[in-house]
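What follows is one structure encoded as structure tokens, with my remarks underneath.
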Amino acid sequence: MTVSKTTAGPVTNPLDTAIAQFEAAADRLNLDSGLRLMLGVCKRELTTNFPVQMDDGSTKVFTGYRVQHNLARGPAKGGIRYHPAVSLDEVRALAMLMTWKSAVVNLPYGGAKGGVMVDPKALSLAELENLTRRYATEISILIGPSQDIPAPDMGTDERIMAWIMDTISMHRGYTEAGVVTGKPISVGGTVGRKGATGRGILYLIRELSREHRIPLDGATVAVQGFGNVGGVAATLLADEGARIVGLSDSSGCLYNGKGLDVQTLWRRKREGASLSDMGGGDRLNGEELLSLPVDFLVPAALAGQITAQTARHVRAKLIVEGANGPTTPEGDAVLAEKQVVVVPDILANTGGVIVSYFEWVQDLQFFFWEEDEVRERLHKAITRAYREVCALAEKESVSLREAAMLLAVSRVEEATRVRGIYP
Ligand code: NAD
């Protein structure tokens, strides 16, 4: 396979990891060499260096990307990231990951990702809007409701999605709500999107609790990361009677064997406080949190947290990966040896993209659903995918992570194959 990289980066280049994961699945599926070449590279890549007028009258040039990995199953879908460390290889890796994520939960999408090398916090609101509208214009040749539908990611939010939607709508002369998801509800967003990834984790933990006969009422849980994913998952689990004994954010960790008062902590977190300012538990360090003897561990913060080193100390029975890539391949091997069940990120954190899909469907139909309907459909989509992955894992005697990749790659492979090569 020949995939060119833009940098001769370290071994942990995210594109190397993404390709290694794909190749492992391709080997097992015995993909023919043509399909391997097609699925192993990104189909379309746009790099743009674009000017933005700053508040002090100066002009700065920013670099942005939009990459589409594969479009065999439908329009491309994937977030836009604003971060100083955005690189073309990272965007390619994330676009590839989006193809597999959409396929594993059977959404009619291919994968894409975008990003701008910028620290959004260093910009004024006017500069952020100028940058967003110009970037949206630069990528407007690729995006659209039938082509490629961006969404928020690290450093971007619903306000930025509204600006992108408005910019594209101004160009086209009519409101194009379905061009992005993750919008405010007032301009075609959907109810139930904000907490969707955390809610998806709740639905998966319910399945696991039934299967492994660990009643959720009274089950012990540790959650790393107290943001959109971890905070929502922790509060929903606590609502169902689970004891959240450990919680962390970037400021520190809290532990209480009797269960933390998650509702109060979450309210204070949303008011702007950090866990280090809050009481109700003892202090732990990050490694101690990961090694708590709990029924469920939910890493929902950063990538690369469960390494060979930290995995040795993990005492959780089941891990549900809220974050993207929280377990390194070496960490994964140690967990497998210890027979810890891991629900992998490409399945576990798809609640957000599933509800993004619902938002797009509603925008296309100009018909909006009640929150109950969103939740019910999310539940159906994620639990069906989970059961399909479990069945494949059992049939092939592989881990849930390998099974999820096999299911995803085989779906994309089939769509690519039956469509054939044009002309
Ligand atoms: P967020 O910014 O809302 O929250 C992240 C949380 O992690 C914050 O509480 C932060 O303080 C904490 N954190 C940062 N460094 C930490 C550390 N070293 N130890 C412990 N906690 C730390 O982000 P989010 O939207 O909740 O996303 C979390 C992860 O989930 C990311 O990997 C993201 O890519 C992934 N993800 C998010 C979504 C989504 O819908 N938001 C969907 C799929 C995947």
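Do you know which residues across the range 150-173 are open to solvent by 20 Å² or more (accessible area, probe 1.4 Å) and assigned to a loop (DSSP other than H, G, I, E, B)?
Scanning the range 150-173 gives D153, M154, G155, D157, G173.
Which of the residues that make up the range 293-312 are within 16 Å of the ligand (Cβ to nearest atom) and open to solvent by 20 Å² or more (accessible area, probe 1.4 Å)?
If the condition is that a residue be within 16 Å of the ligand (Cβ to nearest atom) and open to solvent by 20 Å² or more (accessible area, probe 1.4 Å), then A301, L302, A303, G304, Q305, T307, Q309 are the ones that fit.
Mind listing just one residue for me: the one in the range 313-339 that is open to solvent by 20 Å² or more (accessible area, probe 1.4 Å) and in a loop (DSSP other than H, G, I, E, B) and, of those, farthest from the ligand (Cβ to nearest atom)?
Across the range 313-339, the extreme among qualifying residues is Q339.
Restricting attention to the range 214-231, and to residues there that are β-branched (V, I, T) and surrounded by fewer than 24 Cβ atoms within 10 Å (Cβ to Cβ), which single residue is farthest from the chain's Cα centre (by Cα)?
I214
R213 - would you say it is assigned to a helix (DSSP H, G or I), at pLDDT 95 or above, more than 10 Å from the ligand (Cβ to nearest atom) and more than 30 Å from P51 (Cβ to Cβ)?
Against the criterion (assigned to a helix (DSSP H, G or I), at pLDDT 95 or above, more than 10 Å from the ligand (Cβ to nearest atom) and more than 30 Å from P51 (Cβ to Cβ)), R213 does not qualify.
Counting only residues that are surrounded by fewer than 17 Cβ atoms within 10 Å (Cβ to Cβ) and within 15 Å of P299 (Cβ to Cβ), how many does the range 243-255 have?
Final tally of qualifying residues: 1.
I354 passes all but one of (1) within 12 Å of the ligand (Cβ to nearest atom); (2) without any contact (Cβ under 8 Å) to a residue 60 or more places away in the chain; which number fails?
(2)
Can you name the number of the only condition in (1) among the small types (G, A, S); (2) open to solvent by less than 30 Å² (accessible area, probe 1.4 Å); (3) without any contact (Cβ under 8 Å) to a residue 40 or more places away in the chain that A404 fails?
For A404, the failing item is (3).
So how many residues does the range 256-275 have that are within 14 Å of the ligand (Cβ to nearest atom) and open to solvent by less than 70 Å² (accessible area, probe 1.4 Å)?
Matching residues across the range 256-275 total 8.
Give the residues of the range 203-230 that are under 16 Å from D277 (Cα atoms) and of a type in the set (G, A, S), sorted by residue number.
Step one: list which residues in the range 203-230 are under 16 Å from D277 (Cα atoms), which gives 225-227.
G225, G227, listed by residue number.
Residues in the range 10-19: is at least one over 15 Å from R411 (Cβ atoms), at pLDDT below 95, buried (at least 17 other Cβ atoms within 10 Å of the Cβ) and of a type in the set (S, T, N, Q)? First the steps, then the outcome.
As a first pass, look at the range 10-19 and keep what is over 15 Å from R411 (Cβ atoms): 10-19.
With the extra rule that they be at pLDDT below 95, the set shrinks to 10-19.
Subsequent filtering for residues that are buried (at least 17 other Cβ atoms within 10 Å of the Cβ) retains 13-15, 17-19.
Subsequent filtering for residues that are of a type in the set (S, T, N, Q) retains 13, 17.
Yes, the range 10-19 has at least one match.
Which of the following residues is touching a Pro at 6+ places or on another chain (Cβ under 7 Å), surrounded by fewer than 24 Cβ atoms within 10 Å (Cβ to Cβ) and farther than 26 Å from E287 by Cα: E240, E176, E207, E211? Break it down stepwise before answering.
Values: E240 fails: touching a Pro at 6+ places or on another chain (Cβ under 7 Å); E207 fails: touching a Pro at 6+ places or on another chain (Cβ under 7 Å); E211 fails: touching a Pro at 6+ places or on another chain (Cβ under 7 Å).
Going through E240, E176, E207, E211 in turn, just one is touching a Pro at 6+ places or on another chain (Cβ under 7 Å), surrounded by fewer than 24 Cβ atoms within 10 Å (Cβ to Cβ) and farther than 26 Å from E287 by Cα: E176.
Which count do you get for residues in the range 401-423 that are within 15 Å of T350 (Cα to Cα) and either touching a strand residue (DSSP E or B) at 6+ places or on another chain (Cβ under 7 Å) or not hydrophobic (A, V, I, L, M, F, W, C) (or both)?
Matching residues across the range 401-423 total 1.
Determine which member of the set G225, G231 is out of contact with any strand residue (DSSP E or B) (no Cβ under 6 Å at 6 or more places or on another chain) and on the phi > 0 side of the Ramachandran plot.
One residue alone meets the criteria, G225.
Answer yes or no as to whether L289 is out of contact with any Leu (no Cβ under 7 Å at 6 or more places or on another chain), open to solvent by 50 Å² or more (accessible area, probe 1.4 Å) and touching a residue at least 40 places away in the same chain (Cβ under 8 Å).
Spelling it out, it is not the case that L289 is out of contact with any Leu (no Cβ under 7 Å at 6 or more places or on another chain), open to solvent by 50 Å² or more (accessible area, probe 1.4 Å) and touching a residue at least 40 places away in the same chain (Cβ under 8 Å).
The values are calculated or read from the model by the stated rules, or taken from the named source; none is laboratory data. Keep in mind that this is a model prediction, so the values were computed, not measured. For neighbour counting, all protein chains shown are included, and Cβ atoms are generated from backbone atoms with ideal geometry for every residue, glycine included. Just the protein is used for accessible areas: all its heavy atoms, side chains included, with ligands, DNA and RNA removed. Shrake-Rupley method; radii C 1.70, N 1.55, O 1.52, S 1.80 Å.
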